[in-house]
Each structure stands twice: as C-alpha cells, then as structure tokens.
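First the structure, in the form of structure tokens, and then the observations on it.
The values are calculated or read from the model by the stated rules, or taken from the named source; none is laboratory data. Since the structure is predicted, the reported quantities are computational estimates derived from the model, not experimental observations. Note: ideal-geometry Cβ built from the backbone for every residue, glycine included; neighbour counts use all protein chains shown. We work out accessible area using only protein heavy atoms, side chains counted, and drop any ligands, DNA or RNA first. Shrake-Rupley method; radii C 1.70, N 1.55, O 1.52, S 1.80 Å.
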Amino acid sequence: MKLGDVIIAPATPMGVGAISIFRISGNGLSGILKGILPIEETEPRRIRRFILRDDKGAILDEITFVRYTAPNSYTGEDMVEIFSHGGIANAKRILEFFASKGLRIAEPGEFTFRAFFNGKISLTRAESIDRICKSENVVELNSALEGLLGRSEEEFETIYSAFINLLGEVVAELEFSEDEVDITRFKWPIEELIERINCLIESYDKVSIFTEGFDIVIAGKTNVGKSSLFNRLIGEERSIVTDIEGTTRDVVDKKIYFGNIVARFVDTAGIRKTNDKIELLGQEKTHQEIVNASLILYMTDVERMFDEVDKEIIERYKDKVMLVVNKIDLKKSVTECKYKDVFYISAKYNMGIDELKSGIRGFILSRVDFNAKSMLFNKRQYELFVNIRNSLIKSLNIIENRGVLDLLFLELKDAKIQFERLLGKVIDDDIYSNIFSRFCVGK
C-alpha cells in the first residue's frame, strides 16, 4: 500500500440499485482529475451536477459530485465523492474509466486507514465503523455505536491513563529510590484496574453470542444420522449422506438465522475407534468443536441408544447438551431413555424436526440478553483486555509473594504493550493486516 497514491473505490455494493457512490482520496487528486471533473471551479462541500464523458466525448453518465479539501475530509486528504446511477455495468464502466486515468483501486479499509494514519479518527472509532457495517443484529449494532460515539474510547483511555500513572510511579521508584521499596502500595491500584477490566470482559461475554454467533455442534457415534439432521436443519443437502460408517471425516458448517441470532450449525465426524489417519484427524476436530460449542446436539439412534462413551461426553458437557434419538421410523415403539428433554426424530422423514427446532430456539433464548451492551465490540479488543488482565494478575502475584520491583516493572511493561496494540498507539504493518484489511472496499 502506498499512502501517496490517489485511490478510488466504490462505496456502495456493485449491483442493482438506484445509485452508486465512489470515493476518491489523495493529496494531488486535482491534477489527475483536471479535465475530467471541474474540481477547481467547484466550491468545497457543495454538490454539483455534471455530465461525465470519456476521452472521445461520449457520455458515460449524468453524475453529481462533492469536493472536500484537506484536512477537512474523512481521510484528512483531498477527497471527491461521486454519485452516479446504479447498475453493475454503469458502476464498472465508471470505475474502469477513472482507474485508466492513474487512480489506484483502493485496498479494503484503506480510506479508514488513511483517516486513522492522518489523525482524523482513533483506532477504536475506526473499528466501530467496520462493526456497524457488518452488524447482523441490533445488540451488535448498539455495541458498535458505543464505539462510534466515543464512549468506548473514553473508557479505554481512562483505564489506560490510570495504568500509565501506576507505571510512572513504578518507574520513578526504580530510577530514584535508594531504599528498599515496599511494593505492596501498588496492590490497590492494580486491583482497581483488574476490577474495571473485568467489567468490560464480562459485558462482552454477554454480547459475544451476537457478535460471534451461536455454535451448534451435531455430534455422536458414526452412522446415527448426524449429516441427515444437519441437512434438515440448514434446509439444503450440504453434507454427504450414505449408509457407510465414517463418511463425514471433516467439519462441515453453515450459518443460518434464529431470529436475531446467527447460528452456526456444525456437522462433525462420528466418534468411534478407528485406525484411519484421516478419520482420526476428523475426530480431533470433532472434540475441539464440542469443547467450543455453545450447544451440542448429541445424537444416537433407536437401535443403539446411549452407551458408556456417550454417557461420559453427555455428563461432561451436561450444561450445554440436548439429546437427540434418530431413526424412530424404524421401530413402532421406542424405549425412552432415562434422560430428560430428549428429542425423538426421524431426520430421513422429517419427523420431530419442528419440535427440535423449537427446543434449540428455547435453549438459545434462555442464554441471551437482548438488552445487553458492551464497550467492547470485537474479539480483538476482548482478547487484548484478557491479556492485559493476565499481566496485571501476574503483577499482583509478584506483590503478594513479596517479589522485587524489577519483576513488577517487567510485567507491567508487557501490559503496556497490549494497551498500545489495543489503542493503536504504535502504527505498524500489523495494524493494517490485522484490522483494516478486513474492512469493506471503499470504507
């Protein structure tokens, strides 16, 4: 990425629609656009109608455009926003025309990265813009708005400021104190920081189901009908279904909506003893999915029911397990197992599926708070605050074990690095590759 380039990108999706919007940014764009748009004759922030023509004078479209001058623009650079008629062919032709004049097609998130680089926007607010664009429900959207309106940034900076004051006192003691330092006086401010960070982490735990989705894993022995149930629940033939045991050897997943919740259904490899290396790899993935699942649909069929291996898994994950007995079409009467809340189905003949879906919906609703809000609105922030908390807890352990000031300083220094990553205090290649590259093109 060359920040000196003049860039262009569509700010609206390429498709059927009333209008298409294009963004152009870069200092020196007036020289490139001279002869194409009457930039110099147009007053900044005033919309102007214009007939856009190609090099031969042929009309490309009737457009309107707005000019912004640095630093009074989104990116902090000279900018132009063009509004054309919509349509795939029209938008593509206009984009190609401007690209032929020396404008580079922007990389994902490059406009917002330039805004961040030029000091127009903080990293926290930049991330909130991306989250708003990608929000799939109101809870996720409201958390992102906390960031856009500056509330998240204010809270983060307040915590960071308190931390820097603490670190400053530790450094002062290291540099100027000639006597042995009683480091227990740093215990209270560290505990207070941990408490504030815990509140942020716990608030994100409540909204993470909205931001990351609800993982529903279908697990059980081989050939009990997991793939058939998976296909029923997602409404399409995604997983291969055969009578041969061990057909599914990898994780197959699909996201669908349960109201405002994005649910990720996962079909997994069957659990059985095997020497097949590929199947064993699939089973390792199955166990990992089970550990990370929000809900486990643990399956058997009417001919096998639940054996000791099944019972061990059910007991271990009892707080997030729903039991499913498949193939009820094979028997006139089914012996009910000792467990409560068991769903008896025939995935093949669509029997009991509606009742199972209702059970899943009830399970999800019992575990979500639609009024939840969080100052954190993405997993990156969450993980960095967890890292900061861990460093502070280690610092606390050093104090409680009567450790030396040097060790306390080193642990706090590690927390400072995590804070700087969180707030974008240091700009490096990772800032773009890990954050802005995931944004939409044109944002």
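Some observations on this one:
- Candidates Val262, Val426, Val321, ranked by Gaussian network fluctuation over the chain, Cα under 10 Å, top entry: Val426
- Rolling a 1.4 Å probe over the protein heavy atoms of the range 142-201, with every protein chain left in place, gives an accessible area that is 47 percent carbon and sulfur.
- Shape class for the chain: oblate, because the ratio a/c of the largest to smallest gyration tensor axis (alpha-carbon atoms, square roots of eigenvalues) is 1.5 or more and b/c is at least a/b.
- Calculated [θ] (222 nm, deg cm²/dmol) that DSSP helices of n ≥ 4 give over the chain, each run adding -39,500 (n - 2.57): -14000 deg cm²/dmol
- Most mobile listed residue (Phe306, Phe163, Phe50) in the chain, GNM with C-alpha springs under 10 Å: Phe50
- In the range 38-120, GluC sites (Glu not before Pro) in a DSSP loop with at most 14 other beta-carbon atoms within 10 Å: Glu40, Glu41
- Note on the chain: dipole from Cβ charges, positive end direction compared against Ile105, Ile19, Val217; the farthest Cα belongs to Ile19.
- DSSP bridge orientation in the chain - percent antiparallel, rounded to nearest 5: 60
- Within the listed set Leu281, Leu356, Leu123, the residue fluctuating most in the Gaussian network model of the chain (springs between alpha-carbon atoms under 10 angstrom) is Leu281.
- Full extension of the chain segment joining Asp182 with Asn27 gains 50.3 nm, where the gain is 0.36 nm per residue of separation less the Cα-Cα distance.
- Global geometry of the range 1-154, whether rounded, prolate or oblate, following the gyration tensor of its Cα atoms and the 1.5 cut on a/c: prolate
- Entry comment: accessible area of the range 133-237 is 46 Å² per residue, from protein heavy atoms only and a probe of 1.4 Å.
- For the range 287-334 and the range 388-410, distance of Cα centres in Å: 45
- For the range 29-71, the set of trypsin sites (Lys or Arg not before Pro) satisfying both a DSSP loop assignment and a count of at most 16 other C-beta atoms within 10 Å is given as Lys34, Arg45, Arg46, Lys56.
- Ranking Thr69, Thr42 by solvent-accessible area of protein heavy atoms (1.4 Å probe, all protein chains present), from largest to smallest, gives Thr69, Thr42.
- Carbon and sulfur %, accessible surface of the range 295-443 computed with the full protein complex present, 1.4 Å: 48
- Hz values of 3J(HN,Hα) by residue in the range 14-21 - Karplus curve (6.51, -1.76, 1.60), Gly and Pro given as x: 6, x, 6, x, 5, 9, 10, 10
- Relative contact order (%) - the range 348-421, alpha-carbon pairs under 8 angstrom, separation at least six: 30
- Once C-alpha pairs closer than 8 Å and six or more residues apart are averaged by separation and normalised to the residue number of the chain, the relative contact order reads 18 percent.
- Dipole of the chain [Lys/Arg +1, Asp/Glu -1 at C-beta], most positive-end residue of Ser437, Val386, Ala269: Ala269
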